[in-house]
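Contents: one structure, followed by commentary.
Throughout, read-outs are computed from the coordinates displayed, never taken from laboratory work. Please read all numbers here as calculations on a predicted model, not as lab measurements. No Cβ is skipped: glycine too gets one built from the backbone with ideal geometry, and neighbour counts run over all protein chains shown.
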Amino acid sequence: MMLRLSPALLLSLFLVACSGETPDLVVYCALDQDLSEPLIEEFENRTGLTVRTQFDVERNKTVGLVNRILAEAKSNPHCDVFWNNEIAHTLRLQQAGLTLPYLSPSAEGIPASFRDADGHWTGFAARARVILYRTDADLPVPSKLDDFLDPNFAKHGAMAAPLTGTTLTNATVMAEHRGRQEMLDWFTAVEAAGLHFGSGNADVMRRTASGDFHWCFTDTDDAAKAIDAGHPVAVRYLEQGDGDTGTLLIPNTLAILNSGKNLEAAKKFADFILSFETESRLAHSISRQIPLHAGALIPDGVGKPGKDFQIMEVDWKAVAASIGDLAIELQEAFVR
C-alpha cells in the first residue's frame, strides 16, 4: 500500500531535513524568490539570525501558502512570518484569528489605507494592474475594464485566468464593486468577445512581448520586465477619467502569526522588510515594485500613485471575506 502524506506533514519533514539546527525564524514567502531571497539573506547577515524560508511556485503562489498556514494552524504550525505578494489572503489569516498585532516603527511612513490600525498586517512595495501594449501597431488599447467587452479590443488582448494571485484578487474586487453575478457575467462576456486567457500574468506578458497579442492585462512588475528587455511595449493605467474608479494597486503584505515561536526575531524581520531601504531596493529591482513610504525614491519608469495615476479605493476586509468562496466559483468556471 502506498503511504500518502499530507502537505503539512511533508513540509514538517522538509523543515527538519533541511538542517539539523532549529532556525531563529521560519518565513513563508509568496514574493518571487529571486527578489525576496537576497533581502532575507541581507537580514541574516545584519542580525546574525537564521531564517528558513518556504517559497511557493507560480501556479500555487499565495493560495498554496495560505492554505498551508490554515491547515497547519489546526495541529502543527511552523510559520512565524508570512510575506505575501498581495493583500486579500493576508486579511483572510487575520479574519481567521491567526495574526499577531505589531506596529513596526518602520511602517510609520506608509499610508494608513495600506496598514491595519492594530498592526495585524502592513502593506508595502505594491504593483498596479495595468495594460501592457505594443507600440508598433495601430490597434485599439483599452482605457477601461468595460472596453474588454468590445470585440474590437478583446480579440487582440489577453489576461490571466482569475484563479490565483493578483488576477483572483482583481476579480474579487470587481465583485465587491459590481456584485458577484455581474463580475461572473463580465468574464463570460469578455471571453465571448474574443479575449484570450493565459496561465498567468507572466505568460500573457511574454506572449504580448513576442507579438502573439497586441495588449494584455497584467501587473507592473511583469510589464517592467518586458520594457527592460527592449520590446516595443508601453503601459497604460486603467480607469483614469473623471468619475472613473482608478487603477487597482495591490501591495505586498507582511504579517506575524500568533502561533510563532520566535516573536522577537519576527519583529526584527518586520522592521527590516517594512523599511524605507527595503522598499527602495524593490523599487530599483527588475520588478519595479511601487514604494508606499511617503517621499520614497522612485526610479524612472515607476509610476507614483496619486501623481502619475489615481488609485482605486478598496474595502479590503470585504474582499478578504469573499475571496475564498469566489475562488471556488471561478475554478468551476475556468477549469474545464
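A few remarks follow.
- At full extension, Ala112 and Glu264 could sit 52.3 nm farther apart than now, given 0.36 nm per residue minus the alpha carbon distance.
- Length gained on full extension, Glu277 to Ala321: 12.6 nm, using 0.36 nm per residue less the C-alpha separation.
- Per DSSP, loop GluC sites (Glu not before Pro) in the stretch 281-336 with at most 16 further Cβ within 10 Å: Glu313
- Of the residues Ser104, Phe124, Ala88, the one whose Cα sits farthest towards the positive end of the charge dipole of the stretch 69-155 is Ala88 (charges of +1 on Lys and Arg Cβ, -1 on Asp and Glu Cβ, taken about the Cα centre).
- Remark: the stretch 218-234, residue by residue, has Karplus-estimated 3J(HN,Hα) of 8, 9, 5, 5, 5, 4, 4, 5, 5, 5, 5, 6, x, 6, x, 9, 8 Hz, where x stands for each Gly or Pro and the curve is 6.51 cos²θ - 1.76 cosθ + 1.60 at θ = phi - 60°.
- Amide H contacts of Phe213 (H built 1.01 Å from N, under 5 Å, at least 5 apart or other chain): Thr208
- Relative to the longest principal axis of the Cα atoms of the chain, the long axis of helix 263-273 makes an angle of roughly 30 degrees.
- Those residues of the stretch 247-291 whose amide nitrogen sits under 16 Å from the label point placed on Glu182, 7 Å along Cα→Cβ: none
- By the helix-only formula, in which each DSSP H run with n ≥ 4 contributes -39500 (n - 2.57) and the sum is divided by residues, the chain has a 222 nm mean residue ellipticity of -12000 deg cm²/dmol.
- Environment charge of Gly246, counting only residues whose C-beta is closer than 9 Å and scoring Lys/Arg +1, Asp/Glu -1: -3
- Taking chymotrypsin sites (Phe, Trp or Tyr not before Pro) across the stretch 228-298, none is in a DSSP loop with at most 13 further Cβ atoms lying within 10 angstrom of its Cβ.
- Cβ-Cβ FRET estimate between Glu313 and Glu191, R0 fixed at 25 Å, reported to 0.05: 0.35
- In terms of other Cβ atoms within 10 Å, Thr172, Thr164, Thr53 run from fewest to most in the order Thr53, Thr164, Thr172.
- Multiplying the residue separation of Leu297 and Arg46 by 0.36 nm and subtracting their alpha-carbon distance yields 88.1 nm.
- Taking the Cα centre of the chain as reference, the dipole from Cβ charges on Lys and Arg (+1) and Asp and Glu (-1) amounts to some 560 debye.
- Rounded, prolate or oblate (a/c below 1.5 giving rounded, otherwise prolate when a/b exceeds b/c) for the stretch 264-336 by Cα gyration tensor: prolate
- Nearest-20 debye value, the stretch 127-246 charge dipole, Cβ charges on Lys, Arg, Asp, Glu: 260 debye
- Sorting 193-204, 40-51, 208-219 by average packing, meaning the other beta carbons within 10 Å per residue, from highest down gives 208-219, 193-204, 40-51.
- Scalar couplings 3J(HN,Hα) for the stretch 290-301, obtained by applying the Karplus form with A = 6.51, B = -1.76, C = 1.60 to θ = phi - 60°, are 8, x, 9, 4, 4, x, 5, 7, 10, x, 4, x Hz; x denotes Gly and Pro.
- Each residue of the stretch 90-103 was assigned a 3J(HN,Hα) from its phi angle through the Karplus curve 6.51 cos²θ - 1.76 cosθ + 1.60 (θ = phi - 60°); the sequence is 5, 5, 4, 5, 4, 5, 7, x, 9, 9, 10, x, 8, 8 Hz, with glycine and proline shown as x.
- Placed amide H near Gly198: partners under 5 Å, 5+ positions off or other chain: Met159, Ala160, Ala161
- Built amide H within the under 5 Å cut-off of Ile290, gap 5+: Ala126, Arg127
- Rounded to the nearest 10 degrees, the angle from helix 7-18 to the longest Cα principal axis of the chain is 60 degrees.
- Using the Cβ of Asn45 as centre and a radius below 15 Å, the other residues enclosed give a net charge of -3, where K and R count +1 and D and E count -1.
- With the highest mean first, a sort of the peptides 287-297, 69-79 on other beta-carbon atoms found within 10 angstrom per residue produces 287-297, 69-79.
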